Every structure is written in C-alpha cells, then in structure tokens.
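Values in this text are rule-based calculations from the coordinates and carry no lab data. Note that the structure is a prediction, hence the values are computed from the model and not measured. Here the Cβ positions follow ideal geometry from the backbone for every residue, glycine too, while neighbour counts run over all protein chains shown.
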Amino acid sequence: MFRDVNNWGIIILYVCRKKVITMKKPTVLRRRYIPYELVDISDDELLFRSDELLVTRWSSIRPRTDMSGGISFTFLDRGYKVGRFYDSDRSFLFWYCDIIETEYDQATDTYTINDLLVDIKIYPDGKVIVLDADEMAQAMEQRLISCGQAAKALKTLDVLLKMIYAGKFPPPECEGWEY
C-alpha cells in the first residue's frame, strides 16, 4: 500500500495498484471558554468524515495519569461530541459527552468546535455525572456565551440524558470503533 496527498489535501491510497480516494482532512479547532483556549487538534487521526459526523482517534495533549487517549464522535448537526476514553493499557475507562456548537468555514475547510461547557461522564457501571454546570453559569455571567447558546446547551444536555436513561446510549454511530 502506498499513500500520497494530492494538491487539495485529499489522501489517496494505492492498494494493489488501484487508486482509492479517501476523505480530505479538515482543520479542526477546539475552543474552550473557561479557561479560554483555542487549540488546533487537526493532528488527531481522522477515521471518518461526513457532513454530519467526524470520527477521530487521539492521544491526550498533555501527559495525564487518569487517561491516555480515545476516539471522538463529533456530531456536527446534533450539538454534541461523544468520546470513548482509554487508559495507557488501552482499557476502556468511560464515555464523555461535550455539549458543543460547530462553526464551519467551507473556504478553508475549517471546523471550530465550541465547547459550551456542560458535560456528561458515563462510567461502565452506569453511573452518570453532569459536569461543569457552574462553568456554564460563569460564562453566562461574564457574557462569554449568549443566553441562546446556554439554552441550546441545556436542550442538548436534556436530549443526551434522556438517551442515556432510556438505555439508548451510545448512539449507534459509536459502535464498532476501537482505540
């Protein structure tokens, strides 16, 4: 197998002398409001891309003892990102759901994933924890996010919690991927 990238950044694989065109790798930026940071996460391995979903495999940006990396499923049109987190032995630790809003610049093929602060952590034993609601309140007080963004985040949080409590989590798109 031979791999090449053409002038448009499209990855081309040559398998058994047959040309197979795969997905173009976009620029992906992650914006956090508290503390504020804008991080380029384009180096994450892109596993799948469509208009509705990005699937990436990643390692933690900074060394950590509690986890090593994972696979993220960014649902571009649903307002959330679902992550499967793993330890350094590649053992599954937990699911993590970020409530997000996505901006897309077609001219530069750039996604900006805005973290709307409130998150959900789901452990293998079924324990569910809602995290960072205080950060969302702080971001509203400081006018880092709008009332509309906060309302959208709370509605998305409600959708995810109902999915979890009904036993319909993770979404089917998250099945069959390994770290």
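For the chain: lysine pairs with Cα atoms under 22 Å, gap of 8 or more or different chains, count?
18
Taking all pairs of different Cα atoms in segment 129-179, averaging 1/r and flipping that mean, what Kirkwood radius in angstroms comes out?
Evaluated on segment 129-179, it is 12.8 Å.
Only Lys, Arg, Asp and Glu count, each charged at its Cβ (+1, +1, -1, -1), so figure out the dipole size of the chain about its Cα centre, rounded to 20 debye.
In total the dipole reaches around 540 debye.
At a 10 angstrom cut-off on C-beta neighbours, averaged per residue, how do the peptides 71-84, 129-142, 149-162 rank from highest to lowest?
71-84, 149-162, 129-142
Sorted by packing (mean other beta-carbon atoms within 10 Å per residue), highest first, where do 113-120, 50-57 land?
Packing order, densest peptide first, comes out as 113-120, 50-57.
What is the Å³ per residue value for the convex hull set by the Cα atoms of segment 26-174?
Convex hull volume per residue, Cα atoms: 118 Å³.
With runs of 4+ DSSP H residues as the only contributors, calculate the mean residue ellipticity of the chain at 222 nm using -39,500 (n - 2.57) per run, divided by the residue total and rounded to the nearest 500.
-5000 deg cm²/dmol
Kindly work out what percent of the DSSP beta bridges joining two residues of the chain are antiparallel, to the nearest 5.
That works out to approximately 90 percent antiparallel.
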